[in-house]
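Heads up, the thing below is written out as structure tokens.
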Amino acid sequence: MTMDGSLAKALNDQINHEFSAAYVYLGMAAYFESLDLEGFAAWMRAQSEEEWAHGMRIYDHLAARDTPITLGGLDEADTEYSDPQSVVAAALTLEQGTTRSVNALYAQAVELGDYQAKSLVDWFVNEQTEEEDTLRTLLSQLRIAGNDGAGLLILDRELAARQPGAAGESDAQA
Ligand code: FEO
């Protein structure tokens, strides 16, 4: 069915939101590169790639339904933070914002009876549960480890083991 114009706009806005998140995470990766915390940097970089893939899921949906795609601009991303904890706290806040916009998309799709869009957004709703959980856990661990010292290095090594997509990209893990 033809997509309602307001829903099409909201989904296009969400593409921008996801790509913006990709840029924010890349800035976080750059910050960790500057500290030589390679595990954190790799984790943030994988996260950035996932956000790009999230945007492409919506892009593909719009394309499949012959709905016009618009690509808005991206804001400059921070590459400087005060410490590792503040980065992860900012990432959690970012994801909480994403959850709000995804929930609004879900409600809009249901209200319009657009079950094709609802099915698309279902995946994002589940993904956000995992995204928030992952970041809350990481933030707790960082609070225990502190912003420097051996605990931080152990955590950095653990994060280095993450493969791209391992924290929520696949449907099985969403
Ligand atoms: Fe696209 Fe981190 O959720």
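When the stretch 69-89 is limited to residues that are assigned to a loop (DSSP other than H, G, I, E, B) and within 15 Å of the ligand (Cβ to nearest atom), the one that is surrounded by the most Cβ atoms within 10 Å (Cβ to Cβ) turns out to be Ala77.
The residues of the stretch 1-48 that are of a type in the set (Val, Ile, Thr) and in a loop (DSSP other than H, G, I, E, B) amount to a single one, Thr2. Please verify whether Ser20 is at pLDDT 95 or above and within 16 Å of the ligand (Cβ to nearest atom), treating the condition exactly as stated. In short, yes. For the stretch 89-129, which positions are without any contact (Cβ under 8 Å) to a residue 60 or more places away in the chain, in contact with a helix residue (DSSP H, G or I) (Cβ under 8 Å, 6 or more places away or on another chain) and within 22 Å of Thr2 (Cα to Cα)? Scanning the stretch 89-129 gives Asn103, Tyr106, Val110, Tyr115, Lys118, Val121, Asp122. Entry remark, the stretch 55-68: residues being surrounded by 14 or more Cβ atoms within 10 Å (Cβ to Cβ) and assigned to a loop (DSSP other than H, G, I, E, B) number 2 in total. Taken together, Leu139, Leu135 contain a single residue that is in contact (Cβ under 8 Å) with a residue 24 or more places away in the chain, surrounded by 19 or more Cβ atoms within 10 Å (Cβ to Cβ) and among the hydrophobic types (A, V, I, L, M, F, W, C), which is Leu135.
Among the residues of the stretch 106-125, the ones that are closer than 16 Å to Arg57 by Cα, over 17 Å from the mean Cα position of the chain (by Cα) and among the charged types (D, E, K, R) come to 1 in all. Among the residues of the stretch 90-119, those that are small (Gly, Ala, Ser), away from the ligand (no atom under 16 Å from the Cβ) and part of a helix (DSSP H, G or I) comprise Ala107, Ala109, Ala117, Ser119. Against the list (1) of a type in the set (Asp, Glu); (2) without any contact (Cβ under 8 Å) to a residue 40 or more places away in the chain; (3) within 30 Å of Leu153 (Cβ to Cβ); (4) away from the ligand (no atom under 12 Å from the Cβ), the condition Asp60 fails is (3).
The values are calculated or read from the model by the stated rules, or taken from the named source; none is laboratory data. None of the values given here were measured: they were computed from a predicted structure. Heads up, the Cβs are rebuilt from the backbone with ideal geometry, glycines too, and the neighbour counts pull from every protein chain shown.
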